[in-house]
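The values are calculated or read from the model by the stated rules, or taken from the named source; none is laboratory data. Because the structure is a prediction, the values reported are computed rather than measured. Positions of Cβ are backbone-derived with ideal geometry, glycine not excepted, and every protein chain shown enters the neighbour counts.
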Amino acid sequence: MSQKTSQDTRLVYSTDPTLNVKCPKCKELQSECTCQPDVDPKSYKFVAVLRIEKQARGGKTVTVIDRLPKNELFLKQLTTTLKKKCGTGGTYLVDGKDGVIEIQGDKREMIRKVLAAEGIACKG
């Protein structure tokens, strides 16, 4: 007869409210959550890399800001700020190990000014 460990069992129901707390990202119970913890952008030393892309975009120019912290809230706020200052559209991506922001058009000079005002070092 084999004994079951806590690894082999899964909580189905409990009246204890501390055990019923769910992860806001994956909606699993906190004890079973496998999400990666967010990196605090203030403690993370990084240098943003600016580049222009035209490939596979239908001939449209896009300014890409790469090597940003993989923190969705930080990326969303920075993308909103950049879109308002540049007066164009854009998006952010959380893929791989870094965060990426894409802004429509060649807006490198304006983006450098905004990043400098935010205290973010950039190159490219």
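Output the residues belonging to region 52-75 that are within 30 Å of residue 35 (Cα to Cα) and exposed (fewer than 13 other Cβ atoms within 10 Å of the Cβ).
73
Which pairs have Cβ atoms under 7 Å, sit 6 or more apart or on different chains, and link a residue in region 64-91 that is at negative phi to one that is exposed (fewer than 15 other Cβ atoms within 10 Å of the Cβ) and among the small types (Gly, Ala, Ser)?
83/89
Mind listing whichever residues of region 45-66 are under 16 Å from residue 92 (Cβ atoms) and in a loop (DSSP other than H, G, I, E, B)?
The answer is 46, and nothing else.
Run residue 113 past the list (1) more than 20 Å from the chain's Cα centre (by Cα); (2) in a loop (DSSP other than H, G, I, E, B) and report the number of the one that doesn't hold.
(2)
Pull up region 36-48, narrow it to residues that are within 13 Å of the chain's Cα centre (by Cα) and exposed (fewer than 12 other Cβ atoms within 10 Å of the Cβ), then point me to the one that is modelled with the lowest pLDDT.
40
Within region 1-35, count every residue that is farther than 19 Å from residue 74 by Cα and either loosely packed, with under 10 Cβ neighbours inside 10 Å or at pLDDT below 70 (or both).
Matching residues across region 1-35 total 20.
Yes or no: residue 73 in contact with a Gly (Cβ under 7 Å, 6 or more places away or on another chain) and over 15 Å from residue 47 (Cβ atoms)?
The answer is no for residue 73.
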